[in-house]
Amino acid sequence: MLGEYRIAGRRASDIAASVESGVGSGELEPGQVLPPMRELAEELGVNPNTVAAAYRILRERGVIETAGRRGSRVRPRPASTARDALRVEAPEGVRDLGAGNPDPALLPALGPVFAAVAAEYDRAPGMYGQSPVDAEFAALARAALDADGVAVGPVLAASGSLDAIERVLAAHLRPGDAVAVEDPGWGSVLDLVPALGLRPVPVAVDDEGPLPDAVDGALRAGARALVVTDRAQNPTGAAIGAGRAVELRAVLAGHRGVLLVEDDHGHGIVDLPLHPLSGATDRWAFVRSVAKAYGPDLRVALLTGDAVTLDRVAGRQRLGPGWVSRLLQRTVAHLWRSGAVEPAEVARAYAVRRDGLVRALAERGVRAHGRSGMNVWVPVPDETGAVARLLHSGWAVAPGARFRMATPQGIRLTVSSLAEADLGPLADAVAAAVGPVEPLSYG
């Protein structure tokens, strides 16, 4: 079972250290099955409870995972190559639809805003000991959350959505815990979960978000957290509607102890109403970034949630970066106050391209998904071949492997750079590259 490697030790801590040593040296490889507890106890001449305690230590440290009757095995190492590395570089002359960036023409001009904020800062520079959250940023954020029906909670600032999600997960979970994630879903979250020593559990989605039965199944199977995208889901464009929100809330009502994390990165670029799930569980967090609406380099997201979660996140943040630059927070507050982005206009601009592409593909017998946001997801029978053929035709798209776990193959196309005249030629190229496929089967 373990080849030449022999686990040693008489105490739980020593047995755990022996296994860790083997993993660190490479003698115990990822996926390698460990002996059953009673068998190892007999071999070492110790009580089975001692081995059980050693395995518990190893699970908590993220060294091993237990899969019921299949026993305990060495955990796969967190990917050293992020899913974002599974991208296709667009050579000269090839249109890049894979990077996932917003349209620069739809972003506000930041020069005048930075100048105004810098002038204010010169009069009252930020210092140690001040509140980590700018007062105007918090007030405007909370007012917008209240208008959208998000449950009441304190407001913090984080360095983007992923930073906020990581801090929330780390505040409650321990290595080895399972996290229910959308499949297909945001590749960065699919990377983050195992990097934290957690175990991702795929949850199928359709055009209205996570399927309630799939969520219920994942939670009943032991997932301690659920990460959900409210609108403009990456990569499918799914958006949780009113009916789906009711269904999901009903599921979550039976799992009050689960940590719920909502990602509303689509705020400011969609005109579909928000149907939040916040408050459906005792521990929850709601994240809203400004990257898509105001620019990816504005590394600011607002975070609200229950008091315990926010207190833990704030406490840990104080011992790391301390706070998110109040200069950036004031910049975002200035943008919000000035109405620099009109969500309905931005949403309309993306919808013309996204909906137009989905229609053009349907006319050519290709089923695609894109209810909101800037992405279109196309199920394909062979994503490697489809990506290569599209590249040859002059279009670079994102391979579905960046976004999926158990879901069938697909490709993601970001419509930000498209003009109306591009839709027909692109649809022709996609149809030629993938051919007609069966509609995506959810669940």
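Throughout, read-outs are computed from the coordinates displayed, never taken from laboratory work. What you are looking at is a predicted structure, and each value in this text was computed from that prediction instead of being measured. Virtual Cβ from ideal backbone geometry, glycine too; neighbours counted across all protein chains shown.
For region 37-53, in order, what is each residue's ³J(HN,Hα) by Karplus, 6.51 cos²θ - 1.76 cosθ + 1.60 with θ = phi - 60°, in whole Hz (x at glycine and Pro)?
So the Karplus estimates, Gly and Pro as x, are 4, 5, 5, 5, 4, 5, 5, 8, x, 10, 5, x, 5, 5, 5, 4, 5 Hz.
May I ask for the Rg/Rh ratio of region 24-176, computed from Cα atoms with Rh as the Kirkwood radius, given to two decimals?
Values: Rg = 25.5 Å, Rh = 22.0 Å.
In region 24-176, Rg relative to Rh is 1.16.
Using the alpha-carbon centroid of each, what span in Å lies between region 120-158 and region 286-347?
After rounding, the separation between the Cα centres reads 8 Å.
Within region 19-50, which residues have the backbone N less than 18 Å from the label spot 7 Å out from residue 60 along Cα→beta-carbon, could you tell me?
Flagged as within label range: 19-21, 49-50.
For a Förster distance of 22 Å, can you work out the FRET efficiency between the beta-carbons of residue 86 and residue 364, rounded to the nearest 0.05? Walk me through the numbers on the way to the answer.
On the way: r = 27 Å, r/R0 = 1.21.
Once the sixth-power term is evaluated, E becomes 0.25.
Listing 13, 131, 416 from the residue with the fewest other Cβ atoms within 10 Å to the one with the most, what is the order? Mind dumping the intermediate values first?
Numbers: 13 13, 131 10, 416 22.
Starting with the residue having the fewest Cβ neighbours, the order is 131, 13, 416.
Given +1 on the Cβ of Lys and Arg, -1 on the Cβ of Asp and Glu, and no further charges, what dipole in debye does the chain carry about its Cα centre, rounded to the nearest 20?
Details: 47 positive and 52 negative charges, 208 e Å.
That gives the chain a dipole magnitude of about 1000 debye.
Residue 199's amide H: which non-local residues (gap 5+, or another chain) put their own amide H closer than 5 Å, with H modeled 1.01 Å from N in plane and none for Pro or chain starts?
Sorted by chain and number, the residues that satisfy this are 176, 177, 178, 179.
How large is log10 of I(q)/I(0) for region 111-338 at q = 0.10 Å⁻¹ when the intensity is taken from the Debye formula with one equal scatterer per alpha-carbon?
So the normalised log intensities work out to -0.43.
Can you put 323, 377 in order, fewest other beta carbons within 10 Å first?
Numbers: 323 19, 377 29.
In order of increasing Cβ crowding within 10 Å: 323, 377.
Please arrange 127, 37, 374 by how many other C-beta atoms lie within 10 Å of their C-beta, fewest to most.
Starting with the residue having the fewest Cβ neighbours, the order is 127, 37, 374.
Antiparallel as a % of all DSSP beta bridges within the chain, to the nearest 5?
Details: 23 of 43 bridges.
The answer is about 55 percent antiparallel.
Residue farthest toward the positive end of the dipole of the chain, with Cβ of Lys/Arg at +1 and Asp/Glu at -1: which of 307, 274, 145?
About the Cα centre, the residue reaching furthest to the positive side is 307.
222 nm [θ] for the chain, helices only, -39500 (n - 2.57) per DSSP H run of 4+, per residue, to 500?
Values: 15 runs with 178 residues, N = 443.
Rounded to the nearest 500, the figure is -12500 deg cm²/dmol.
DSSP loop (so not H, G, I, E, B), at most 15 other Cβ within 10 Å: list which chymotrypsin sites (Phe, Trp or Tyr not before Pro) in region 211-319 pass both filters.
Values: sites: 284, 286, 294; in loops: none.
Nothing satisfies the criteria.
Answer with one residue from 26, 361, 423: the one whose Cα lies farthest towards the positive end of the charge dipole of the chain, charges on Cβ with Lys, Arg +1 and Asp, Glu -1.
Of the listed residues, the answer is 26.
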